[in-house]
Amino acid sequence: MEGAKEFGLRNVSSHCSISDMDDYDLSRLLDKPRLNIERQRSFDERSLSELSIGLTRAGLDNIDSTYSPGGRSGFDTPASSARNSFEPHPMVAEAWEALRRSLVFFRSQPVGTIAAYDHASEEVLNYDQVFVRDFVPSALAFLMNGEPEIVKNFLLKTLQLQGWEKRIDRFKLGEGAMPASFKVLHDPIRKSDTIVADFGESAIGRVAPVDSGFWWIILLRAYTKSTGDLTLAETEDCQKGMRLILTLCLSEGFDTFPTLLCADGCSMIDRRMGIYGYPIEIQALFFMALRCALALLKPDAEGKEFIERIVKRLHALSYHMRGYFWLDFQQLNDIYRYKTEEYSHTAVNKFNVIPDSIPDWCFDFMPCRGGYFIGNVSPARMDFRWFALGNCVAILSSLATPEQSVAIMDLIESRWEELVGEMPLKICYPAIESHEWRIVTGCDPKNTRWSYHNGGSWPVLLWMLTAACIKTGRPQIARRAIELAESRLLKDAWPEYYDGKLGRYIGKQARKYQTWSIAGYLVAKMLLEDPSHLGMISLEEDKQMKPVIKRSSSWTC
């Protein structure tokens, strides 16, 4: 996951560092009082059609007031545990201690957490940096524990980095691009701190992160929901930051699909794994970020135009994803019987998928009851693999209909050994191997079968699985998965990932004390103990988005 972490900082351009910045006085910003504003109605529940008819909000007056301020009970004990009568698992205190060790400070103020605190590793590479996607579970843990300051600092600091001019090999990146990561350099002689950012110029394959901007918007909403503090999101800097991200991803061109076209290696799966085109992870994050931005943008002169564009895109995107990316037993049978080379708008096989391209494993993997969003859809090609992050985010963002969300949970239960095994959770299934592995990955030695991003098991995904379980009313699935993690994670020193068909072995190149493995466990525990935290990272279904699929998605033989 930290594939970009293979390169150090030697080749980072000099323009990507700033010293002694005074653009933001974080201490001054943190002195602002927290607001607790009563709301009559959750904005998340407002329909998109309402917005497209009349944009009459004043500021963010309709954002939810249901938030969990936490109120810490002790330095190393999550507040959510203190509100329950039972004793927290012994791993919880250990996890908090490890999480706090990973904190990164800029001018004595916490601004993030490093990717891994692995002293045993001979090479630090870039695991000592703060990655935007990696920090999200850390941020949620701190928010749930009533410690929002570090999250506010992080949001402001990455927003400042977004404003840099970003040149890579004489080519200028889009203005709204967010960094993949940043590092704080301390100069003890000058007593100054400098930030060095990476926008992809040091990453494997030199791929810029598409997901960083989406995670930033999602985290801004989580902060706002958790604290009730609307002032941060309403600042002109945050409003401009969101608009710049949206400008990048809402631009119009030659693409005829509402999905977002992107390169391989631009997201959590940051190695060559054949996910180029329209990977489910990016589409689900894109959908969720658009909905979060819709709740946070002010309907002023500039914001109103973006709100209207978001509403149109969300309708098209939900229609496309729910119809063409969804696979269950009935849909698989339909594709199996597709005719090819159909022309005109009446074509059933719109992407000209050849039925013989359906892999053999898919027929055995698909249960009679259950379904999932497949990995990719593009002309003449479907990637039938299961990807965990995309499907979990689809549930949390309500990209999946309620019926589809239930079907995804049915699939996980039906295929527990394949998708969960002995360590939650498979990042994708199945692994690609032999000749296909050579072609797709370029003989990548880190992505051999059932390892790393090629079917490896990632403990960080535990928090997303738990959130999806709670939202769909299946907490027992999350409990079972958390118990599996508790049997190994601490003993194995919080590895980055596990290898093998069942996830039995610590990853061959996995870092120990991987911060998001630690934070993912904490977030999962706190969500299960206090489900009200779900509001920060979950969006309710928009009733006006009519689902494409008429029959039950969880079809029964």
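The values are calculated or read from the model by the stated rules, or taken from the named source; none is laboratory data. Keep in mind that what you see is a predicted model, and the values were worked out from it rather than measured. With ideal geometry, Cβ positions are generated from the backbone for all residues, glycine too; neighbour counts draw on all protein chains shown. Note: accessible area is taken over every heavy atom of the protein model, side chains too, but ligands, DNA and RNA are not part of it. Shrake-Rupley method; radii C 1.70, N 1.55, O 1.52, S 1.80 Å.
Got a number for residues in the range 80-98 being among the hydrophobic types (A, V, I, L, M, F, W, C), at pLDDT below 90 and part of a helix (DSSP H, G or I)? Please lay out each step first, then the result.
First, the residues of the range 80-98 that are among the hydrophobic types (A, V, I, L, M, F, W, C): 82, 86, 91-93, 95-96, 98.
With at pLDDT below 90 added as a condition, the list becomes 82, 86.
From what is left, the residues that are part of a helix (DSSP H, G or I) are 82.
The qualifying residues number 1.
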Before we move on, is residue 202 among the hydroxyl-bearing types (Ser, Thr, Tyr), surrounded by 16 or more Cβ atoms within 10 Å (Cβ to Cβ) and in a loop (DSSP other than H, G, I, E, B)?
-> yes
Under 8 Å between Cβ atoms, at least 6 apart or on separate chains: pull out the pairs that start in the range 102-122 with a residue that is touching a residue at least 40 places away in the same chain (Cβ under 8 Å) and under 25 Å from residue 191 (Cα atoms) and end on any residue that is open to solvent by 70 Å² or more (accessible area, probe 1.4 Å) and in a loop (DSSP other than H, G, I, E, B).
-> 102/513; 117/513
Report yes if some residue within the range 275-294 is touching a helix residue (DSSP H, G or I) at 6+ places or on another chain (Cβ under 6 Å), in a helix (DSSP H, G or I), over 13 Å from residue 399 (Cα atoms) and open to solvent by less than 10 Å² (accessible area, probe 1.4 Å); otherwise report no.
-> yes
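Quick check: is even one residue across the range 183-195 of a type in the set (Ser, Thr, Tyr) and part of a loop (DSSP other than H, G, I, E, B)? Let's see the steps before the verdict.
Within the range 183-195, the first condition is being of a type in the set (Ser, Thr, Tyr), and the residues that meet it are 192, 194.
From what's left, part of a loop (DSSP other than H, G, I, E, B): none.
No - not one qualifying residue is present in the range 183-195.
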Checked 248, 220 against criteria (under 27 Å from residue 315 (Cα atoms), part of a helix (DSSP H, G or I) and open to solvent by 40 Å² or more (accessible area, probe 1.4 Å)); the one match is 248
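Would you please name the residue that is nearest to residue 400 (Cα to Cα), looking only at residues in the range 431-476 that are open to solvent by 20 Å² or more (accessible area, probe 1.4 Å) and touching a Cys at 6+ places or on another chain (Cβ under 9 Å)? First the steps, then the outcome.
Filtering the range 431-476 down to residues open to solvent by 20 Å² or more (accessible area, probe 1.4 Å) leaves 433-440, 442-443, 445, 448-450, 470-476.
Pick out the ones that are also touching a Cys at 6+ places or on another chain (Cβ under 9 Å) and you get 437, 475-476.
On the way: 437: 31, 475: 18, 476: 21 Å.
So the residue we want is 475.
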If you take just the helices (runs of 4 or more DSSP H) that sit entirely in the range 366-430, which of them hold at least 1 residues that are at pLDDT 95 or above, out of contact with any Lys or Arg (no Cβ under 8 Å at 6 or more places or on another chain) and over 14 Å from residue 464 (Cα atoms)?
-> 402-414, 416-419
What is the number of the single condition among (1) more than 30 Å from residue 350 (Cα to Cα); (2) without any contact (Cβ under 8 Å) to a residue 12 or more places away in the chain that residue 243 does not meet?
-> (2)
Condition check for residue 510: small (Gly, Ala, Ser), touching a Cys at 6+ places or on another chain (Cβ under 8 Å), without any contact (Cβ under 8 Å) to a residue 60 or more places away in the chain and open to solvent by less than 30 Å² (accessible area, probe 1.4 Å) = no
For residue 491: the one exception among (1) at pLDDT 95 or above; (2) closer than 25 Å to residue 395 by Cβ = (2)
Test residue 191 against the criterion of being of a type in the set (D, E, K, R) and closer than 16 Å to residue 133 by Cβ, and give yes or no.
-> no
Tell me which residues, restricted to the range 204-252, are under 28 Å from residue 147 (Cα atoms) and among the acidic types (Asp, Glu).
-> 211, 229, 234, 236, 237
In the range 456-474, anything of a type in the set (A, V, I, L, M, F, W, C) and part of a helix (DSSP H, G or I) is listed as 461, 462, 463, 464, 465, 467, 468, 469, 470
Residue among 177, 233, 203, 208 that alone is farther than 17 Å from residue 285 by Cβ and at pLDDT below 95 = 203
Odd one out for residue 406 among (1) surrounded by 22 or more Cβ atoms within 10 Å (Cβ to Cβ); (2) under 24 Å from residue 291 (Cα atoms) | (1)
Can you name the condition, by its number, that residue 303 falls short on among (1) within 22 Å of the chain's Cα centre (by Cα); (2) open to solvent by less than 10 Å² (accessible area, probe 1.4 Å)?
-> (1)
Residue 329 passes all but one of the listed conditions (1) under 18 Å from residue 387 (Cα atoms); (2) open to solvent by less than 40 Å² (accessible area, probe 1.4 Å); the exception is number (2)
For residues that are of a type in the set (A, V, I, L, M, F, W, C) and in a loop (DSSP other than H, G, I, E, B), tally how many sit in the range 295-331.
-> 2
Could you run through the range 332-360 and say how many residues are part of a helix (DSSP H, G or I) and either open to solvent by less than 70 Å² (accessible area, probe 1.4 Å) or in contact with a strand residue (DSSP E or B) (Cβ under 6 Å, 6 or more places away or on another chain) (or both)?
-> 6
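Return yes or no: is residue 170 crowded, with 22+ Cβ neighbours inside 10 Å, basic (Lys, Arg) and over 15 Å from residue 113 (Cβ atoms)?
Numbers: crowded, with 22+ Cβ neighbours inside 10 Å: no; basic (Lys, Arg): yes; over 15 Å from residue 113 (Cβ atoms): yes.
Spelling it out, it is not the case that residue 170 is crowded, with 22+ Cβ neighbours inside 10 Å, basic (Lys, Arg) and over 15 Å from residue 113 (Cβ atoms).
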Pick from 175, 201: which is under 27 Å from residue 125 (Cβ atoms), in contact (Cβ under 8 Å) with a residue 12 or more places away in the chain and of a type in the set (D, E, K, R)?
-> 201
